[in-house]
Amino acid sequence: MTAPILRRLADLRALTTKWHRKDEVIGVVPTMGALHQGHLSLAEAAKASSDCVIVTIFVNPKQFNNPEDLANYPRTENEDAQKLAPYGVDAIYVPDPDEIYPQGFATTVSVAGLTNVMEGEFRPGHFDGVATVVAKLFLQTQADRAYFGEKDYQQLMVVRRMARDLDIPIEVVGCPTVREPSGLAMSSRNLRLSSQGLAVAGNKHRIMQAIAQSLKTGTAFQPLATQAETDLLAAGFTQVEYIQLRCAETLDPVTHAKRPARLFVAAWADGVRLIDNIPV
Ligand code: PAF
């Protein structure tokens, strides 16, 4: 059975107030729809550790720095509701746009530091949009736990810091990236890749794993990054935006993998910008 779709905040609040009165733990999975196995794994994780689960679907205009990207973003609400049905989620919140950004909305939530690099550098304003909408979704759903994929690791760190700094009483849970058999990280953007583009994109994880392997033997990062850029372009990627090694906790750059680190790559294939990261 598909979960009820709620579009108004008052309806959502009526439900969450009832759940909280019964001491139910509420889990939320914020999404922009076009659900794939990665999102479904978050719904599954939420269902396993919360009593009541809300999946939110809202294509947030404030986090797109490119209008074309926003226009092309897939919108598949009916299919999304069908896909969620086997996971037993309790409600799907698809807010009308004015529930998130009412007339005269004038507030931006901005997390400093963590957002200056990588996605923040290449997508100006992106994380302000993410932090603002996620703060609203946390407050609107009144959830106790929120589930985010490690595929967007920097986003996970930003959201965690935002919730902590603003004393929003929610536990932000990170869940492992789900991959295609080729290693390609699942993403709604993959829907825009042709079969040739998918074949090219499938090389990225292999190239990243090769770097991780060499880092484990003590090799310095910079020459590996230079080689990886050459390898990505040779595999058919058209542009490499960044290849970076950063501390898994602070996201500060590191030159060797001496403590838990994360390798981050953003590159274009087939006209689609693809990001990924792996632990080192
Ligand atoms: O990861 C996403 O899909 C979005 O950035 C999120 C967290 C739903 C906020 O719009």
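The values are calculated or read from the model by the stated rules, or taken from the named source; none is laboratory data. These numbers were taken from a predicted model, which means no experiment stands behind them. Because the Cβ atoms are built from the backbone with ideal geometry, glycine has one as well, and the counts that use them run over all protein chains shown. Ligands, DNA and RNA are stripped out before the accessible areas are found, and what is left, the full protein with its side chains, is counted by its heavy atoms. Shrake-Rupley method; radii C 1.70, N 1.55, O 1.52, S 1.80 Å.
Which GluC sites (Glu not before Pro) does region 204-271 hold that lie in a coil by DSSP with at most 10 other beta carbons within 10 Å?
Sites meeting the loop and neighbour criteria: none at all.
Go through Ala48, Val94, Pro30 and say which Cα lies farthest out towards the positive end of the charge dipole of region 4-161; charges sit on Cβ, +1 for Lys and Arg, -1 for Asp and Glu.
Checking the options against the dipole of region 4-161, the answer is Ala48.
Would region 1-108 count as rounded, prolate or oblate if I go by the C-alpha gyration tensor, calling it rounded below 1.5 in a/c and otherwise prolate when a/b exceeds b/c, oblate otherwise?
Cα axes put region 1-108 in the oblate bin.
Apply 1/(1 + (r/R0)^6) to the Cβ-Cβ distance of Thr2 and Asn116, taking R0 = 30 Å, and write down the FRET efficiency to the nearest 0.05.
With R0 = 30 Å, the Cβ-Cβ based efficiency is 0.15.
Based on the Cβ-Cβ distance from Arg206 to Ala48, what FRET efficiency comes out when R0 is 25 Å, to the nearest 0.05?
0.20
Would you mind checking Lys18/Lys62; Lys18/Lys136; Lys47/Lys204; Lys22/Lys136; Lys18/Lys83 for any pair whose Cα atoms are more than 22 angstrom apart?
Pairs exceeding the cut-off: Lys18/Lys62; Lys47/Lys204; Lys22/Lys136; Lys18/Lys83.
Calculate, for the chain, the solvent-accessible area per residue in square angstrom, rolling a 1.4 angstrom probe over the heavy atoms of the protein chains.
Spelled out: the 1.4 Å probe surface of the chain, per residue, equals 46 Å².
So if we plug the beta-carbon distance of Gln213 and Glu180 into 1/(1 + (r/R0)^6) with R0 = 22 Å, what FRET efficiency do we get, rounded to 0.05?
FRET efficiency, Gln213 to Glu180: 0.60.
Could you give the distance between the Cα centres of region 222-273 and region 154-202, to the whole Å?
16 Å
What is the magnitude of the charge dipole of region 122-280 about its Cα centre, with +1 placed on the Cβ of each Lys and Arg, -1 on the Cβ of each Asp and Glu, and no other charges, expressed in debye to the nearest 20?
160 debye
Hey, what's the Kirkwood Rh for region 114-244 if you take every pair of different alpha carbons, in angstrom?
16.9 Å
In region 184-280, which trypsin sites (Lys or Arg not before Pro) fall in coil by DSSP and have 14 or fewer other Cβ atoms within 10 Å? Kindly include the intermediate steps, with their values, before the conclusion.
On the way: sites: Arg189, Arg192, Lys204, Arg206, Lys216, Arg246, Lys258, Arg262, Arg273; in loops: Lys258.
The qualifying sites are Lys258.
Please give the charge dipole size of the chain, origin at the Cα centre, charges +1 on K and R Cβ atoms and -1 on D and E Cβ atoms. Round to the nearest 20 debye.
I would put it at about 400 debye.
Normalised radius of gyration for the chain, please: alpha carbon Rg relative to 2.2 N^0.38 Å, two decimal places.
Taking the Cα Rg and dividing by 2.2 N^0.38 Å, one obtains 1.02.
Which residue fluctuates most in the GNM of the chain (Cα springs below 10 Å): Asp98, Asp144, Asp80?
Greatest mean-square fluctuation among the candidates belongs to Asp98.
Just to be sure I understand the model, the point goes 7 Å from the Cα along the line to the Cβ. What's the resulting Ala14 to Asp98 distance in nm?
So the two model labels end up 1.9 nm from each other.
Quick check on region 140-195: what are the equivalent-ellipsoid semi-axes from the Cα gyration tensor, as sqrt(5λ), descending, whole Å? Before the final figure, lay out each step's value.
Values: eigenvalues 162, 23, 20 Å².
Values for region 140-195, descending: 28, 11, 10 Å.
Who wins for biggest fluctuation among Val28, Val133, Val254 in a Gaussian network model of the chain, springs between alpha carbons below 10 Å?
Val254
From the mean inverse distance of alpha carbon pairs (Kirkwood) and the Cα radius of gyration, derive Rg over Rh for region 68-139.
Rg divided by Rh gives 1.03.
Between Gln222 and Glu77, what is the label-to-label distance in nm when each label sits 7 Å out along the Cα-to-Cβ direction?
Here the modelled spin labels are 5.2 nm apart.
Taking 7 Å along the Cα-to-C-beta vector as the label spot, tell me the Glu24-Ala106 distance in nanometres, rounded to one decimal.
3.8 nm
Run the helix sum for the chain: -39,500 (n - 2.57) per DSSP H stretch of 4+ residues, divided by residue count, reported at 222 nm to the nearest 500 deg cm²/dmol.
Dividing the helical sum by the residues of the chain leaves -12000 deg cm²/dmol.
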